[in-house]
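Right, one structure below, let's go through it.
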Amino acid sequence: MTIQSAIAGQRRDIAADITAKILSELEQGVLPWRKPWDGARTGLALPRRSNGEPYRGVNVVMLWSAATAKGYRSPYWLTLKQANQFGAFVRKGERGELVVYYGRATKERTNDKGDSVEDSFRLM
């Protein structure tokens with residue numbers, strides 16, 4: 001998604017991006033959800049956030065795929081802001097990888113009777 005498309009109100013279809021990436025690997029004969037237990041492709045660990053917490057779900061597949069394609073050996077992933085906080089550097093030309101955050105949030109509203117009600121909803 002470009003800045004111009006974001007301004008125009010277009011939304012990125014994340015599910016389509018993930019599906020296209022998985023299909024592309026399948027066409028090349030790679031089963032991207034299979035852990036390379038010998039560590040030959042991505043090392044021995046699950047992809048991890050900078051705080052050591054492992055990624056889950058489709059993020060594991062997406063980050064294993066990116067690590068394989070780019071020859072990364074470390075299981076750790078971080079944002080540009082986190083790299084700057086750690087005093088690390090991002091190589092010129094590097095781009096971020098897609099990860100999906102799925103969570104739950106709450107919002108408070110006033111119902112028809114004037115009572116305060118808390119609604120819970122899921123988000124991605």
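No lab work stands behind these numbers, since they all come straight from the coordinates. Fair warning: this is a prediction, and the values are worked out from it, not measured in the lab. Heads up, the Cβs are rebuilt from the backbone with ideal geometry, glycines too, and the neighbour counts pull from every protein chain shown.
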Task: Spacing of the two label points (7 Å from each Cα toward its C-beta) at A45 and Q28, in nm - done: 2.5 nm
Open item on the list: Given 25 °C and 0.890 mPa s, compute D for region 31-123 with the Stokes-Einstein relation, Rh being the Kirkwood radius over Cα pairs; round to the nearest whole µm²/s.
Closed with: 155 µm²/s
Open item on the list: Using the Karplus curve 6.51 cos²θ - 1.76 cosθ + 1.60 with θ = phi - 60°, what ³J(HN,Hα) values do you get for each residue of region 23-29, in whole Hz, with x for Gly and Pro?
Closed with: 4, 4, 5, 4, 5, 8, x
TODO: List the residues whose amide H sits under 5 Å from the amide H of R48, counting only those 5 or more places along or on another chain, with H placed 1.01 Å from N in the peptide plane.
DONE: Y55, Y76, W77
- [ ] Calculate, in nm to one decimal, what R104 and A88 gain on full extension: separation in residues at 0.36 nm each, minus their alpha carbon distance.
- [x] 2.6 nm
TODO: Using label points projected 7 Å from each Cα along Cα→Cβ, tell me how many nm separate L78 and E53, to one decimal.
DONE: 1.6 nm
Task: Karplus 3J(HN,Hα) series, Hz, for region 67-75 with 6.51 cos²θ - 1.76 cosθ + 1.60 (x for Gly, Pro) - done: 4, 5, 5, 9, x, 6, 9, 7, x
Open item on the list: If I take every Cα pair under 8 Å that is 6 or more residues apart in region 31-123, average their sequence separation and divide by the length, what percent do I get for the relative contact order?
Closed with: 22 percent
